[in-house]
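> Before I ask anything, let me first share the structure, which is written out below as structure tokens.
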Amino acid sequence: MAVWHAPGRINLIGEHTDYNDGFVLPMALPMGCTASVEGARDGWSVVSTQTSGTVSVSPSGLTGRDSVPEWASYVLGALWLLHDDGVEVPPVRISVDSDVPTGAGLSSSAALVCSVVCALDEHLGLGLDAAGLLALSRRVENDAVGAPTGGMDQLISLRGEEGHALFCDMRDLTSEAVPFTPADSGLALLVVDTRAPHRLVDGEYAARRRGCEAAARQLGVSALRDVTDAEEAVSRLDDEELQRYARHVVTEDARVLDAVEALRAGRLDELGPLFTASHASMRDDFRITVPEVDTAAETLLSAGAIGSRMTGGGFGGCVIGLVPAAEVDAAGDAVRRAFADAGFGEPSLFTAEAAAGARSV
Ligand code: ADP
Ligand code: MG
């Protein structure tokens with residue numbers, strides 16, 4: 001039996017830059033998914049501790065993909081793609097168990113997919129290298145499930161390192177671990193899962209993606225990553241919406257590079273203003289925040305955080321703050337109070353340290 005654990009993630013900074021060939025700085029979470037793959041007598045099946053019932057497919061089901069519940073396609077998708085690639089896939093039983101909350105923006109999907117892909121790689125003796133594991137994991141989410149994610153989630157889930165964030169270049173998919181240990185600076189990374197109901201996510205995500213592509217075309221570059229002077233680029237765009245989108249992406253890429261410099265130099269205090277500027281850019285230019293995340297970000301700042309921002313694709317999800325360790329409890333209480341006062345549902349809060357990426361267990 002092959003058993004692998006792969007983590008969920010938090011993106012420290014660099015939002016909606018991934019599909020613009022830009023930069024991101026995620027870290028792996030201690031929470032993750034454990035996948036076990038074992039040989040079976042006949043058929044292919046998957047069972048999750050988080051859902052009820054076993055989903056089984058027959059040999060013909062290895063090619064058909066519409067007949068299983070969506071969650072099972074995150075697992076069976078790897079089998080379908082390997083089958084498409086001409087790999088002989090013997091009968092297997094796959095079991096998964098995860099403690100990453102789903103749909104909170106902590107990438108339970110990448111934890112699931114990457115743990116399964118790594119366990120299958122071992123069980124089937126595929127011998128995939130780092131690039132191969134990443135490519136297959138991305139294809140499962142993009143092609144088998146049909147979720148248009150940019151690839152960051154799988155990259156960090158596979159390659160995260162304990163005590164480090166991962167500086168990723170989403171153009172060439174190279175990555176570099178940079179130290180991130182807020183406790184050494186008397187700080188903690190406080191995560192607020194706002195539990196805000198996600199609204200219009202798919203349509204809004206697609207609209208942002210299209211807008212960024214249109215802006216890049218008008219600017220004569222292959223992706224917004226190639227633009228370095230935000231204001232000069234904005235002056236060459238005539239559409240107000242495209243101007244805002246371009247300004248967010250170009251300035252966000254610059255903030256990631258500044259954040260990496262700060263981490264390399266061990267100057268964590270410099271991350272604070274970068275977080276806060278990133279949040280303002282997502283709120284005012286990219287317009288992907290909702291009242292719950294704005295309230296959480298603002299409350300963390302007034303409760304002593306040196307910086308705060310929404311993390312993840314937007315329209316709900318989580319907010320992170322860099323909070324002096326001694327003030328974590330008070331900051332959490334302040335956020336709970338602000339949510340109650342605003343009539344929002346109760347948020348869930350936790351502090352997180354950077355954990356390791358996918359590993360055999
Ligand atoms: P996120 O990745 O931010 O948590 P997604 O919408 O990308 O949100 O992925 C969540 C989906 O992944 C769930 O709706 C479910 O289909 C699937 N999923 C994640 N973890 C599990 C699990 N342990 N068991 C079954 N399905 C899971
Ligand atoms: Mg996901």
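The values are calculated or read from the model by the stated rules, or taken from the named source; none is laboratory data. For clarity, every value in this text was computed on a predicted model and none was experimentally measured. Cβ atoms come from the backbone with ideal geometry, glycine included; neighbour counts cover every protein chain shown. Just the protein is used for accessible areas: all its heavy atoms, side chains included, with ligands, DNA and RNA removed. Shrake-Rupley method; radii C 1.70, N 1.55, O 1.52, S 1.80 Å.
> When you look at LEU155, is it within 16 Å of ligand 2 (Cβ to nearest atom) and either crowded, with 24+ Cβ neighbours inside 10 Å or not β-branched (Val, Ile, Thr) (or both), yes or no?
On the way: within 16 Å of ligand 2 (Cβ to nearest atom): yes; either crowded, with 24+ Cβ neighbours inside 10 Å or not β-branched (Val, Ile, Thr) (or both): yes.
Criteria met by LEU155.
> While we're looking at this one, here's another question. Being within 27 Å of the chain's Cα centre (by Cα) and free of Cβ contacts under 8 Å to residues at least 40 places away in the same chain narrows it down to one residue among SER95, SER56, SER52; which is it? Don't jump to the end; show me each part of the working.
Numbers: SER95 fails: free of Cβ contacts under 8 Å to residues at least 40 places away in the same chain; SER56 fails: within 27 Å of the chain's Cα centre (by Cα).
None of the others qualify; the one that does is SER52.
> Kindly indicate whether THR174 is more than 14 Å from ligand 2 (Cβ to nearest atom), open to solvent by 10 Å² or more (accessible area, probe 1.4 Å) and within 19 Å of THR351 (Cα to Cα).
Numbers: more than 14 Å from ligand 2 (Cβ to nearest atom): yes; open to solvent by 10 Å² or more (accessible area, probe 1.4 Å): yes; within 19 Å of THR351 (Cα to Cα): no.
Spelling it out, it is not the case that THR174 is more than 14 Å from ligand 2 (Cβ to nearest atom), open to solvent by 10 Å² or more (accessible area, probe 1.4 Å) and within 19 Å of THR351 (Cα to Cα).
> Could you list, in sequence order, the residues of region 62-108 that are among the polar types (S, T, N, Q) and away from ligand 1 (no atom under 11 Å from the Cβ)?
If we filter region 62-108 for residues that are among the polar types (S, T, N, Q), which is where we start, we get 63, 67, 73, 95, 98, 102, 107-108.
Across region 62-108, the qualifying residues are THR63, SER67.
> Find the strands (runs of 3 or more DSSP E) located wholly in region 42-134 whose residues include 2 or more that are basic (Lys, Arg), modelled with pLDDT under 95 and closer than 26 Å to THR194 by Cβ, and list them.
On the way: elements: 44-48, 54-57, 92-98.
Of the strands (runs of 3 or more DSSP E) lying wholly inside region 42-134, none has at least 2 residues that are basic (Lys, Arg), modelled with pLDDT under 95 and closer than 26 Å to THR194 by Cβ.
> Given (1) open to solvent by less than 50 Å² (accessible area, probe 1.4 Å); (2) closer than 30 Å to LEU187 by Cβ, identify the lone condition not met by ARG264.
With respect to (1) open to solvent by less than 50 Å² (accessible area, probe 1.4 Å); (2) closer than 30 Å to LEU187 by Cβ, ARG264 is out only on (1).
> Test ALA215 against the criterion of being buried (at least 21 other Cβ atoms within 10 Å of the Cβ) and not hydroxyl-bearing (Ser, Thr, Tyr), and give yes or no.
yes
Results for (1) open to solvent by less than 50 Å² (accessible area, probe 1.4 Å); (2) touching a helix residue (DSSP H, G or I) at 6+ places or on another chain (Cβ under 7 Å), shown as yes or no for each residue.
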| residue | (1), (2) |
| --- | --- |
| ARG199 | no, no |
| ALA207 | yes, no |
| GLY211 | yes, yes |
| LEU219 | yes, yes |
| SER222 | no, yes |
| ASP226 | no, no |
| GLU232 | no, no |
| SER235 | no, no |
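> Looking only at strands (runs of 3 or more DSSP E) that lie completely in region 290-358, which have at least 2 residues being surrounded by 20 or more Cβ atoms within 10 Å (Cβ to Cβ)?
Working: elements: 307-311, 318-324, 348-351.
Of the strands (runs of 3 or more DSSP E) lying wholly inside region 290-358, those with at least 2 residues that are surrounded by 20 or more Cβ atoms within 10 Å (Cβ to Cβ) span 307-311, 318-324.
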